[in-house]
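To keep things clear, I will list the structure first and then write my remarks on it.
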Amino acid sequence: MQTAIRLGMLTPSSNTALEPITTAMLAGLPEVSVHFARFRVTEIALSADSLAQFDDGPILAAAELLSHAKVHAIAWNGTSASWLGFESDRRLCDRITAATGIASATSILALNAVLDRTGARRIGLVTPYVDDVQARIVANYRALGIETVAERHLGIRDNFAFAEVTPETLADQVRAVAAARPDAIAVTCTNLRVAPLVADLERETGVPIYDTIATAVWDSLRCAGVDPRRVRGWGRIFDVGA
């Protein structure tokens, strides 16, 4: 009998996409279960109130609750570090592990690890965010040595509304940035329902597509000692081994 593996996911309170998608991704791994804790996130903007949603206190409180389930990894399944700065996620992971003794990951640090492992230095960027958030993301990746050669964003602030974006719109955004022939496409938001489209869009465009729900799953499995290559049918990210 395989040892039970439990993954913990820290989830924005208004998110309706990542839980069902994450569960579906892991359906082929019978020994792996996924458990969620929420904290308040309702808007994505650069205003003081919006930025305050990502203070570590509520996130750490949610992580502590996940630790009661004796999970083997805790991931912040969100993309705030892409505009706050990557150090915010590194600090958060350190604090989660110090407080709980559990290995930790984030969607964005995992995305960066995949970009590094695959040598991607020219990316296409797809998000639902507003102009100034998108510009901050582009600048942060440029500082990391990664150039955004094409981008699309939808100008939406309301976090709940991200999940309402249609598959047709998401596919069109991906196709538009793929035309620039980037090394990879980053779909940066964990409340977009793009992950089920990724495998087909990769075959169509020939470009790897790294969705940030998938990156959180990929790195959580690695943290828990499970080979992510066992996840099949969800895109090339899961071909990047442990």
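Values in this text are rule-based calculations from the coordinates and carry no lab data. These numbers were taken from a predicted model, which means no experiment stands behind them. A quick note on method: Cβ atoms are made from the backbone with ideal geometry, for glycine too, and the neighbour counts reach across all protein chains shown.
Side notes on the structure shown:
- Computed about its Cα centre, the charge dipole of the range 117-211 is approximately 360 debye, with only Lys, Arg, Asp and Glu carrying charge at their Cβ.
- Helix runs (DSSP H) in the chain reaching 15 Å along axis by Cα, Kyte-Doolittle at least -0.5: 56-67, 107-118, 131-143, 167-178, 212-223
- Alpha-carbon centroids, the range 12-45 and the range 140-158: separation in whole Å: 23
- Farthest towards the positive end of the charge dipole of the range 114-160, among the residues 124, 148, 114, is the Cα of 114, using unit charges on the Cβ of Lys, Arg, Asp and Glu.
- Fewest-first sequence of 210, 141 by Cβ atoms within 10 Å of each Cβ: 141, 210
- Dipole check for the chain: with +1 at the C-beta of Lys and Arg, -1 at the C-beta of Asp and Glu, and the Cα centre as origin, the magnitude is about 540 Debye.
- When peptides 94-104, 192-202 are ranked by their average number of other Cβ atoms within 10 Å per residue, the highest-first order is 192-202, 94-104.
- Matching label, Kirkwood radius over Cα pairs in Å computed from the structure shown, candidates (1) 19.7; (2) 17.6; (3) 19.1: (2)
- Gaussian network model of the chain, Cα within-10 Å springs - most flexible of 211, 219, 132: 132
- Contact order, relative form, for the range 117-211: 33 percent (alpha carbon pairs under 8 Å, 6 or more residues apart, mean separation divided by residue count).
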